[in-house]
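The values are calculated or read from the model by the stated rules, or taken from the named source; none is laboratory data. Computed from a predicted model, the values in this text were never measured in an experiment. Backbone-built Cβ (ideal geometry, glycine too); neighbour counts: all protein chains shown. The accessibility values were calculated without ligands, DNA or RNA, using every heavy atom of the protein model including side chains. Shrake-Rupley method; radii C 1.70, N 1.55, O 1.52, S 1.80 Å.
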Amino acid sequence: MKTAVLLTAALLAAASPALAADGAAARQAILKTYQAEIPGFSGFDAGRGEALYRAVVAGSDPRITGCTSCHTANPRQPGQNAKTGRAIDPVAVSANSDRFTDADRVEKQFSRDCKTVLNRACTAQEKGDYITFLMGQ
């Protein structure tokens with residue numbers, strides 16, 4: 001039993017660099033998709049992404065005043081849905097390597113959360129800036 005646990009741990013450790021590379025490639029593919037939607041694209045900016053993450057917005061629900069209402073001021077920490085109380089995994093890539101790796105899921109989250117938090121859809125620039133910020137966290 002102990003040997004099986006050690007073998008499993010060794011296999012997971014050996015696979016980690018490959019999994020991380022796959023995640024990075026998936027995030028880059030998502031960013032390229034957003035880049036293609038922006039005429040005269042001049043780059044994504046982590047500073048703008050952080051400003052969006054930390055922005056305080058007066059919305060229709062007083063429990064949700066920005067991304068940090070659910071994700072906390074520290075994106076490396078777990079959060080909690082402000083409406084339901086459901087636990088949310090950290091949004092920072094360093095704390096959650098699965099973040100921003102599934103294009104359909106990313107788009108679903110942005111579609112829902114931008115409307116909830118900002119009362120509008122996010123632009124491709126905002127999405128790319130936001131992901132760029134959280135890739136560095």
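Using bins of 10 Å that start at zero, the share of Cα-Cα pairs per bin across the stretch 69-137 amounts to 20, 55, 25, in whole %. Computed from the C-beta positions of residue 105 and residue 54, the FRET efficiency with R₀ = 30 Å rounds to 0.80. With protein chains left intact and a 1.4 Å probe, residues in the stretch 23-137 average 55 Å² of accessible area per residue. For residue 133, what charge total do you get from the other residues with a beta carbon under 10 Å from its beta carbon, if Lys and Arg give +1 and Asp and Glu give -1? That works out to -1.
Rolling a 1.4 Å probe over the protein chains gives residue 123 an accessible area of about 70 Å².
Dipole magnitude for the stretch 40-125: about 280 debye, using +1 per Lys or Arg Cβ and -1 per Asp or Glu Cβ, origin at the Cα centre.
Of the solvent-accessible surface of the stretch 93-137, computed with a 1.4 Å probe over protein heavy atoms with every protein chain present, carbon and sulfur atoms account for 47 percent. 3J(HN,Hα) couplings calculated from phi for the stretch 84-96 with the Karplus curve 6.51 cos²θ - 1.76 cosθ + 1.60 (θ = phi - 60°) are, in sequence order, 9, x, 5, 5, 10, 5, x, 8, 6, 4, 5, 9, 8 Hz; Gly and Pro show x.
Just the protein heavy atoms count here, and of the accessible area of the stretch 23-90 at 1.4 Å, carbon and sulfur take up 53 percent.
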